[in-house]
Structures are given as structure tokens and as C-alpha cells.
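Undergrad: Mind having a look at this structure? Questions to follow.
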């Protein structure tokens, strides 16, 4: 079994650079971004995600919006350049960028959204979004698998535990179907991401009993962290 140290080191190597590692898929880059954030790679990452069909899979749309909105919020000075580059994407993928820009709460988001929608067949849709007050991902409650994926995307951009805790808050609401989906997602992601497992273990002492039981089930097959030397 691979150790957590090995997984972390491998993740850093994976996230190092799309330009230097042509063999790394755009999805792998996105899913390891938080280990070594490189916003300079975002335009290239968007282009590759678009070409590789990542944005065309329905289960990835909310993940992409959560991811992009978090990167946009962290680097507001670079957003106008990213939006300009995004105009080269297919229109259906521009919609994802527009939704992420709105969700990021960028002060110039309405103007940038209108620029993105100029001469576009979805201009009216983008205009409506530009005129609607935004809500940051971190303040968005988890009420469905889609909103759960939104938080997951934000986590992949930041590694911030708040987004995992948001998912746990949904479990605490007692909605059975959502709890089942959350448990499966946490188990999968805790096995793939040591940072998620670390957050889940820390939350065992902070969550109510019904959430602890879900966390224990999610962590059941995740190896314990290696002892510190």
C-alpha cells in the first residue's frame, strides 16, 4: 500500500506544470491543483479541459464551476486576462466560465461577463447572470449532489477544509439520499486525497454522532497516516 508521504510527493509532481508534462491529462492537473497551485497555467488548463471533453460530462460541470470560481476569487487581478482567453472556447464551455465568474463575486464580474457574452448566441443568458447578485461557493449550502460537486471543485482549487465541512453540514441535515451520496463521495476522495482523509479524521471530534458515523464509514478502508519520524 502506498504511504501518505508517497501520495503527497506524487501529487506535487503531478501538479508541477502542464507545459512540462504533456502526458498529464487536464483532469489530473485539475484534481491535484491544490497541492501546488499555479495560476499561470490556468488558461492552458482551460483549453485542455475543453479539448479533452472534461466540460462536456455533466458530472464535471459543477466541479469545474467550483474550481474556477475559487481560482478567480483568489487571483482577481488576473481574471480579465483569463476571461479574454476563454472567449476562444466553444460557447457551451464559455457558459461554465461565465457561471464561475459570477460565483466568484469579482467586483468587475458584470462587465467581464458582458465582454464574454459579446457577439455570443448565449448573450441574453450571460446578461441575466451579470445582473444577478452572486453567492460565493463557501457560502453555498449543499442540498444536492450538484451543489456537493461545487464544493468539491472549490476544494480542488484550494485544499480548504471549509468545503469538506460544508458537505458534512449536509449530512447533519438528515436527508437520507444526500447522506448516502456524501458518504460514498467522501470514501472515494479520502482514499485518493490524503488531505481529505486528514480533514475527515479531524472532524471526527467536532461533528455530531450522526455525522461521525458517516465519517467512520467513509474512512473505514483508508489507511492510517504513517507515524511521524
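The values are calculated or read from the model by the stated rules, or taken from the named source; none is laboratory data. Please read all numbers here as calculations on a predicted model, not as lab measurements. We place every Cβ from the backbone using ideal geometry, glycine too, and count neighbours over all the protein chains shown.
Undergrad: Out of all the residues in region 129-143, which are at pLDDT 80 or above and in a helix (DSSP H, G or I)?
TA: Residues satisfying the conditions are 137, 138, 139.
Undergrad: Something else now. Among the residues of region 149-166, are any over 26 Å from residue 97 (Cα atoms) and not assigned by TED's automatic domain parsing to the domain that holds residue 63?
TA: no
Undergrad: For region 87-126, give me each residue that is under 19 Å from residue 37 (Cβ atoms) and either touching a residue at least 60 places away in the same chain (Cβ under 8 Å) or in a helix (DSSP H, G or I) (or both).
TA: Residues satisfying the conditions are 97, 100, 101, 103, 104.
Undergrad: Here are 83, 142, 71: which of them is crowded, with 22+ Cβ neighbours inside 10 Å and not assigned by TED's automatic domain parsing to the domain that holds residue 45?
TA: It is 142.
Undergrad: Could you please let me know if residue 35 is crowded, with 17+ Cβ neighbours inside 10 Å, under 26 Å from residue 196 (Cα atoms) and touching a helix residue (DSSP H, G or I) at 6+ places or on another chain (Cβ under 6 Å)?
TA: Considered against the rule, which asks whether it is crowded, with 17+ Cβ neighbours inside 10 Å, under 26 Å from residue 196 (Cα atoms) and touching a helix residue (DSSP H, G or I) at 6+ places or on another chain (Cβ under 6 Å), residue 35 comes out as yes.
Undergrad: Does region 187-197 include one or more residues that are over 19 Å from residue 35 (Cα atoms), in a helix (DSSP H, G or I) and free of Cβ contacts under 8 Å to residues at least 40 places away in the same chain?
TA: yes
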